[in-house]
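A.B. asks: Once you've had a glance at the structure underneath, I'll fire off some questions.
The values are calculated or read from the model by the stated rules, or taken from the named source; none is laboratory data. Everything quoted here is computed from the prediction, not taken from an experiment. Cβ atoms come from the backbone with ideal geometry, glycine included; neighbour counts cover every protein chain shown. Side chains included, ligands, DNA and RNA excluded: accessible areas come from the protein's heavy atoms. Shrake-Rupley method; radii C 1.70, N 1.55, O 1.52, S 1.80 Å.
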Amino acid sequence: MLRTDPVYQILKLLEEEKEPRFNQIGMDERDFKITLTHIHEAGYANSGELTHSGFNYIHGYEQRLKFNQSLQNS
């Protein structure tokens, strides 16, 4: 499997009510800030809380993972 999507990783931490830090997910600080900006601009989270779109992003990502795993197991 490819490396986990950094947007997903940060959103998942927010869902778990944890404060994401760049070193938790193996990113450098610059990329982490860019990803946080993308999350905010895309409307996935506001003030550190997930929006409906953020929950949808997580759900969609996890559904794709399950689908890809089922293809590998076939």
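A.B. asks: With a 1.4 Å probe and every protein chain left in place, work out the accessible area per residue of the chain in Å², rounded to a whole number. Each step should come with its number before you reach the end.
C.D. replies: Details: 5440 Å² over 74 residues.
With all protein chains present, the chain gives 74 Å² per residue.
A.B. asks: Taking all protein chains as present, what is the carbon and sulfur share of the accessible area of the chain, in % to the nearest whole number, probe 1.4 Å?
C.D. replies: On the way: 2670 of 5440 Å².
Of the solvent-accessible surface of the chain, carbon and sulfur hold 49 percent.
A.B. asks: Let me have the 222 nm mean residue ellipticity of the chain computed from DSSP H runs of 4+ only, each contributing -39500 (n - 2.57), with the sum over all residues rounded to the nearest 500. Mind showing how you got there, number by number?
C.D. replies: Details: 3 runs with 46 residues, N = 74.
For the chain, the value works out to -20500 deg cm²/dmol.
A.B. asks: Output the relative contact order of the chain, whole-number percent, from Cα pairs under 8 angstrom with separation of 6+ residues. Let's see the in-between values first.
C.D. replies: Values: 44 pairs, mean separation 21.5, N = 74.
After rounding, I find 29 percent.
A.B. asks: Taking a probe of 1.4 angstrom, what is the accessible area of Leu36 in Å², to the nearest 10?
C.D. replies: Only protein atoms counted, so the area is about 70 Å².
A.B. asks: Compute the helix-to-body angle for 52-73: its Cα long axis versus the longest principal axis of the chain, expressed 0 to 90° and rounded to tens.
C.D. replies: Taking the Cα atoms of the chain, the angle to 52-73 is about 30 degrees.
A.B. asks: So if I place +1 on the C-beta of Lys and Arg and -1 on the C-beta of Asp and Glu, and nothing else carries charge, what would the dipole magnitude of the chain be about its Cα centre? I want it in debye, nearest 20.
C.D. replies: I would put it at about 260 debye.
A.B. asks: What spacing in nm lies between the two simple spin-label points modelled at Arg64 and Ala42, each 7 Å away from Cα in the Cβ direction?
C.D. replies: In this crude spin-label approximation the distance works out to 0.9 nm.
A.B. asks: Whenever you get a sec, line up Phe67, Phe22, Phe55, Phe32 from highest to lowest accessible area (probe 1.4 Å, protein heavy atoms). Before the final figure, lay out the partial values.
C.D. replies: Numbers: Phe67 120, Phe22 75, Phe55 100, Phe32 20 Å².
Most to least solvent-accessible, the answer reads Phe67, Phe55, Phe22, Phe32.
A.B. asks: For region 1-66, just list the percent of Cα-Cα distances falling in each 10 Å bin from zero outward, please.
C.D. replies: Reading upward from the zero bin: 21, 58, 21, 0.
A.B. asks: Give me a comma-separated list of calculated 3J(HN,Hα) values for region 23-33, in order, Karplus coefficients 6.51, -1.76, 1.60 applied at θ = phi - 60°, integers in Hz, x for any Gly or Pro.
C.D. replies: Calculated HN-Hα couplings, in order: 6, 5, 10, x, 10, 7, 4, 5, 5, 4, 5 Hz.
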